[in-house]
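To start, the structure under review is shown below, and the notes come after it.
The numbers here are math on the coordinates, done by the rules we state, and not lab data. What you see is a predicted model, and the numbers here were worked out from it, not measured in a lab. Here the Cβ positions follow ideal geometry from the backbone for every residue, glycine too, while neighbour counts run over all protein chains shown.
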Amino acid sequence: MICTRRCFEVLLWLLLAIPLCTAADNLKLNPRLDYSSDSQDGPLITGDSMQAGLSAAKPNYVIIYGEGCFNSKRQARRTVDLYSKYRDGVGFVVVDLDEKLTPVQQELVSKYYRGFIPHVVVTDRDGKPLYNSSGEIDSSVIEKILDQTLSK
C-alpha cells in the first residue's frame, strides 16, 4: 500500500509540475481567402489552441505565415488538408505573424523562422527538426516525412 501511495504521489507531482501542451485543434481554412492576390484576407487558418506550442512525444508540423502572402495562402490550404489526415498522430502549430504572438510562438519563431514566409517545420517525437525551410512545400513531401516518423 505504501508503494502504491508513493507512486500515486509521484505521478500527481509530475502532472502538476510539467505544463501540458496541446497543439492547435479544429483547424479550418478562412473561406474568404483570395488565392489570386496578396490581399489581406484576415487569418488564413482558424482553430482552437492556436497559441499552443509543440506537443510532447508527438511529431509536430509548424507553419509560420503572413496573412497577405499569396504563397502562405496556398500553404495554409495544404496545412489544413494535412491536419485532416494526421490530426490524431501529429501536433499542429500555427503561427500567424500578423497577430500578437504568445511567448511560446515567439520562441518557435526565434528558433526556426529565417525571415521568409511561408515557413514550415516538421519535428520528430523528440522535437528534432526533420524539415525546416521557407517557401511552399508540396503535401506529398510532408506526408512522406510524417509517415516515416509515425511508423517508428
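One-quarter of the Cα convex hull surface for the range 99-152, in nm²?
Numbers: hull surface 17.3 nm².
Computed as one quarter of the Cα hull surface, the answer is 4.3 nm².
Out of L54, T102, T123, whose Cα points farthest toward the positive end of the dipole of the range 20-152 (charges: +1 Lys, Arg; -1 Asp, Glu; placed on Cβ)?
T123
Using modelled backbone amide H atoms (1.01 Å from N, in-plane), which distant-in-sequence or interchain residues come within less than 5 Å of S133's amide H?
Amide H neighbours of S133: V120.
What is the Cα convex hull volume of the range 29-73 when expressed per residue in Å³?
Working: hull volume 3.6 nm³, N = 45.
With only Cα atoms used, the range 29-73 gives 81 Å³ per residue.
Kirkwood-based Rg over Rh for the range 49-89 (C-alpha set), two decimals?
0.99
Please enumerate, by chain and number, the lysines with C-alpha under 27 Å from the C-alpha of K100, excluding those fewer than 8 residues away in the same chain.
Leaving aside lysines fewer than 8 places away in the same chain, those within reach of K100 are K28, K58, K73, K111, K128.
Could you give the semi-axes, largest first, of the ellipsoid that matches the range 20-152, computed as the square roots of 5 times the alpha carbon gyration tensor eigenvalues and rounded to whole Å?
Values: eigenvalues 92, 50, 39 Å².
They are 21, 16, 14 Å, listed from largest to smallest.
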